[in-house]
Amino acid sequence: DPGACACYMGAQAYWLLGQPDTALAIAREGLVLAETIAHPFTLETALAMNALLHLDREEPELALQRIEAVEALAAGQRMGFAIEPQILRGAVMTAQSASADAVLCLRDALTRPRAVRLRPYGLLKLAEALLQQGKHEEALNTIAEALNVQQQTEQRRWEPELYRLQGIALSELNQLAPATRAFEVAMRIASNQQAKAYEP
């Protein structure tokens, strides 16, 4: 449904612009609309995008509720997923610092065909989980892969965060000059994108 789509995509835009409460209000409006029209594919996508917003807002428990609703809806309607829920589930685990489980979940999710839409995000969360485990070199390799995917697909939404995590990994490896450059790139990209959510 175009109305529900406008709401959940608008919510993502407002969150990036640094207006998380407006984003949440619009996302809820889209979810209510999706529930009202009772179109399964629209509702599934609205729930998944709501989960993504709750993850951005650092609300993993609410995100998990939405993910479970997506999975129940898909099972009940015998339909596939528009957005791979295991990527979102792995992001919840990362947010809850269950890094070992997150790494396993995300690696599995990223092998699935439906992972294409959120592949840069899945790689971002995998890198974050690897950093939690102190696996800095693996995290850097994952970030490099994500940046390459973004270059190929033009999905640049998470680019500032990828460079921020790159800076953290390099700092932990005592590569301070490259780390500083990575942080500077992250801030420049966030500023150019007007993505206040990613600015310090």
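Suppose only helical runs count, i.e. DSSP H with n ≥ 4. What mean residue ellipticity at 222 nm does that imply for the chain under -39500 (n - 2.57) per run, divided by all residues and rounded to the nearest 500 deg cm²/dmol?
Numbers: 10 runs with 154 residues, N = 200.
Computed mean residue ellipticity for the chain: -25500 deg cm²/dmol.
For segment 1-110, which trypsin sites (Lys or Arg not before Pro) are in a loop by DSSP, counting at most 16 other Cβ atoms within 10 Å? Can you show the working numbers first?
Details: sites: Arg28, Arg57, Arg66, Arg78, Arg89, Arg107; in loops: Arg57, Arg78.
Those that pass, being in a loop and sparsely packed, are Arg78.
Only sites in a loop by DSSP and with at most 10 other Cβ atoms within 10 Å count here; which chymotrypsin sites (Phe, Trp or Tyr not before Pro) in segment 1-84 make the cut? Present the calculation step by step, with values, prior to reporting the outcome.
Values: sites: Tyr8, Tyr14, Trp15, Phe41, Phe81; in loops: Phe81.
Passing both the DSSP loop test and the Cβ count: no residue.
Compute, for segment 60-193, the length of the dipole vector about the Cα centre, with Cβ point charges of +1 (Lys, Arg) and -1 (Asp, Glu) only. Units Debye, rounded to 20.
360
Starting from the Cα-Cα distance between Asn174 and Gln19, subtract it from 0.36 nm times their residue separation and give me the gain in nm to one decimal.
Working: separation 155, 0.36 × 155 = 55.80 nm, distance 3.51 nm.
Between Asn174 and Gln19, full extension yields 52.3 nm more.
Within segment 34-67, report the GluC sites (Glu not before Pro) that DSSP leaves as loop and that have at most 15 other Cβ atoms within 10 Å.
Of the GluC sites (Glu not before Pro), the ones in loops of segment 34-67 whose Cβ has at most 15 other Cβ atoms within 10 Å are Glu58.
Grab the Cα-Cα distance for Glu137 and Gln96, subtract it from 0.36 nm times how many residues apart they are, and report the gain in nm with one decimal.
12.5 nm
Using θ = phi - 60° and the Karplus curve 6.51 cos²θ - 1.76 cosθ + 1.60, what whole-Hz ³J(HN,Hα) does each residue of segment 81-97 get, with Gly and Pro shown as x?
9, 6, 10, 4, x, 5, 5, 5, 5, x, 5, 4, 4, 4, 4, 8, 6
Using a probe of 1.4 angstrom, how much of the accessible area of segment 136-197 is carbon and sulfur, in percent?
Here carbon and sulfur together make up 47 percent of the probe-accessible area.
Going by alpha carbons, how many degrees (0 to 90, nearest 10) lie between the helix axis of 176-193 and the longest principal axis of the chain?
Between helix and principal axis, roughly 30 degrees.
Using a 7 Å offset from the Cα along the Cα-to-Cβ direction at both Glu184 and Ala144, what is the distance between the two label points in nm, to one decimal?
Calculated label separation equals 2.2 nm.
Between helix 99-109 and the chain, what is the angle of the helix's C-alpha long axis to the longest principal axis, kept within 0 to 90° and rounded to the nearest 10?
60
The values are calculated or read from the model by the stated rules, or taken from the named source; none is laboratory data. Since the model is a prediction, treat every value here as computed from it, not as a measurement. No Cβ is skipped: glycine too gets one built from the backbone with ideal geometry, and neighbour counts run over all protein chains shown. We work out accessible area using only protein heavy atoms, side chains counted, and drop any ligands, DNA or RNA first. Shrake-Rupley method; radii C 1.70, N 1.55, O 1.52, S 1.80 Å.
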